[in-house]
Amino acid sequence: MTPPDFTAPIKLLVIRRDNIGDLVCTTPLIASLRRHYPNARIDALVNSYNVAVLAHNPHLDHVYAYTKGKHLEHGESAFGNLLARLRLFWQLRRQRYDYIILAGNGYTGRAAGMARRLAPRHIVGFTPDGKPRDGIDRALAPPPPGIHSAEIMAPLLHPLGIEEVPPTLALAPDPAQAAAAGHELEAQAWYKPGMKIVGLHISARKPSQRWPAERFVELARRLHQGGGYGFMLFWSPGDEDNPLHPGDDRKAAQIMAALRDVPLLPYPTQRLEQLIAGLSLPDTVVCSDGGAMHVAAGLGKPIVCFFGKSDARIWHPWGVPYQLLQKDTLDVGDISVEDAEAALQRLVSA
């Protein structure tokens, strides 16, 4: 095989179609590409739901996003969305990419179909048997199970001559959103410059990953009384009974009512941009496994994380100090306040 020319001004496109945490865990791959190909045009194709993850990524030249049917906003038509997607694909096809990399933890047939329609010189991706198929001419067998999501994609860079341990996650908040969040925190009557802030993210999609409201209350009280901490309270707004977008307004209200005498800034996040900006402020973060945890890790935050039925080998915070709590029952509800308090003390004293 011809040795790679790392100085070549080639065109690269990374496609990642799935969830927030998955895309955050793809940022080490993108950073590796930029480090080895400083003169390349490096673009990404994602969906509108998670595009904020890459919106300010310093290693990318362009970020393109399409909207999945299930993510259409009120008033948006399926036909209009189809036309927009066709225009986007035509724009990308005209770029004549040298390599399209199908970033993922395994074979992704739909992403392969997208890449094939863009007519690049080469498509890199995992296939079930490691043999070329569906236009993937630089095919690799998926790594064995139990490898971290940020690390499992490293072999996808081998065809481009890159073999290294993935670097840390890379996430940057929108400057205007971050400034607004910072001003909101500084405007709190209780806030003092240099005050240590703990971010409490209380939402989790799976029931087995939800820590009870009363334990967040007790943890905050103990940390404030013992260490003078202030807090930012993060949650997904909305009604918990909403079948499409369940929220935690009731849980947040319960916590706020119980912590009226504790320094606390409520910070509901309707959009991903708000979550990224808000989580850029705390010194440490307490949360369950999920997208918010990976966002916090991408922002370089030390994390106390609660794990339920997730595989901690694959999904633990990547590249930051963390304390991971997971019981044999695989239910976050069995993690005690004492467990969480001790974990945070270990984290800040390490």
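Using the scaling law 2.2 N^0.38 Å as the reference, what is the normalised Cα Rg of the stretch 95-244? Write down the numbers at each step before the final one.
On the way: Rg = 22.7 Å, N = 150, 2.2 N^0.38 = 14.8 Å.
After normalising by residue count via 2.2 N^0.38 Å, the value is 1.54.
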Practice prompt. Enumerate the residues in the stretch 89-127 having an amide nitrogen under 17 Å from the point lying 7 Å beyond the Cα of ASP5 toward its Cβ.
Written response: 97-99, 121-122
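In the P(r) worked out for the stretch 116-155, what percent of Cα pairs fall beyond 15 Å? The partial results should precede the final answer.
Working: 334 of 780 pairs.
Roughly 43 percent, once rounded to a whole number.
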Item to complete: Amide H neighbours of VAL320 under 5 Å, at least 5 residues apart or on other chains, H built in the peptide plane: list them.
Response: none
Worksheet entry | Among MET153, GLY199, GLN188 the positive-end extreme of the charge dipole of the chain (Cβ point charges) | MET153
Worksheet, complete the sentence: Any residue on another chain or 5+ positions along whose placed amide H is under 5 Å from the amide H of GLY199 is listed here as MET232, ASP283, THR284, VAL285, VAL286
Discussion item. Under the rule of at least 5 residues apart or a separate chain, name every residue whose amide H is placed under 5 Å from the amide H of LEU45.
Written reply: VAL14, ILE15, ARG16, TYR64
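Probe radius 1.4 Å, ligands and nucleic acids ignored: give me the carbon and sulfur share of the accessible area of the stretch 113-205 as a rounded percent. Display every interim value, and only then the final one.
Details: 2400 of 4420 Å².
The C+S portion of the solvent-accessible surface of the stretch 113-205 is 54 percent.
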Response to the item:
Shape call for the stretch 166-222, from the Cα gyration tensor axes a ≥ b ≥ c (a/c under 1.5 means rounded, otherwise prolate when a/b beats b/c, else oblate), comes out oblate
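Quick check on the chain: take the gyration tensor over C-alpha atoms, sort the square-rooted eigenvalues as a ≥ b ≥ c, and tell me if it's rounded (a/c under 1.5), prolate or oblate. Present the calculation step by step, with values, prior to reporting the outcome.
Details: a/c = 1.98, a/b = 1.75, b/c = 1.13.
Cα axes put the chain in the prolate bin.
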Fill in: Local net charge near SER310, Cβ-Cβ under 9 Å (Lys/Arg +1, Asp/Glu -1)
0
Worksheet, complete the sentence: A correct Karplus calculation of ³J(HN,Hα) over the stretch 91-102, with 6.51 cos²θ - 1.76 cosθ + 1.60, θ = phi - 60°, whole Hz and x for Gly and Pro, returns 4, 5, 4, 5, 6, 6, 4, 6, 9, 10, 10, 8
Worksheet item: What shape does the stretch 223-323 take by its C-alpha gyration tensor, where a ≥ b ≥ c are the square roots of the eigenvalues and a/c under 1.5 counts as rounded, a/b above b/c as prolate, and the rest as oblate?
Response: oblate
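Based on the mean of other beta carbon atoms within 10 Å per residue, what is the order of 328-334, 29-35, most packed first? If you can, show how the numbers build up before the last one.
Numbers: 328-334: 14.9, 29-35: 20.0.
Sorting 328-334, 29-35 by mean packing, highest first, produces 29-35, 328-334.
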Item to complete: Return the subset of LYS206/LYS327; LYS11/LYS301; LYS196/LYS309; LYS192/LYS251 for which the Cα-Cα distance in this structure is over 23 Å, preserving the input order.
Response: LYS11/LYS301; LYS196/LYS309; LYS192/LYS251
Worksheet item: Which whole-Hz couplings ³J(HN,Hα) result when phi for each residue of the stretch 35-51 is put into the Karplus expression 6.51 cos²θ - 1.76 cosθ + 1.60, θ = phi - 60°, listed in order with x for Gly and Pro?
Response: 5, 8, 10, x, 9, 7, 8, 10, 10, 9, 10, 9, 10, 5, 5, 10, 4
Worksheet entry | Heavy-atom surface of the stretch 217-350, accessible at 1.4 Å and reported per residue (Å²) | 43 Å²
Worksheet item: What's the local net charge at ALA178, with K and R +1, D and E -1, over the other residues with C-beta under 13 Å away?
Response: -4
Worksheet item: Against the longest principal axis of the chain, how steep is helix 337-349, in degrees 0 to 90 to the nearest 10, with axes from Cα atoms?
Response: 70 degrees
Discussion item. With n ≥ 4 as the cut-off for DSSP H runs, can you work out [θ] at 222 nm for the chain, using -39500 (n - 2.57) per run divided by the number of residues, rounded to the nearest 500?
Written reply: -9000 deg cm²/dmol
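The values are calculated or read from the model by the stated rules, or taken from the named source; none is laboratory data. Please read all numbers here as calculations on a predicted model, not as lab measurements. Heads up, the Cβs are rebuilt from the backbone with ideal geometry, glycines too, and the neighbour counts pull from every protein chain shown. The protein model used for the area step is the full one, side chains on, heavy atoms only, and it has no ligands, DNA or RNA in it. Shrake-Rupley method; radii C 1.70, N 1.55, O 1.52, S 1.80 Å.
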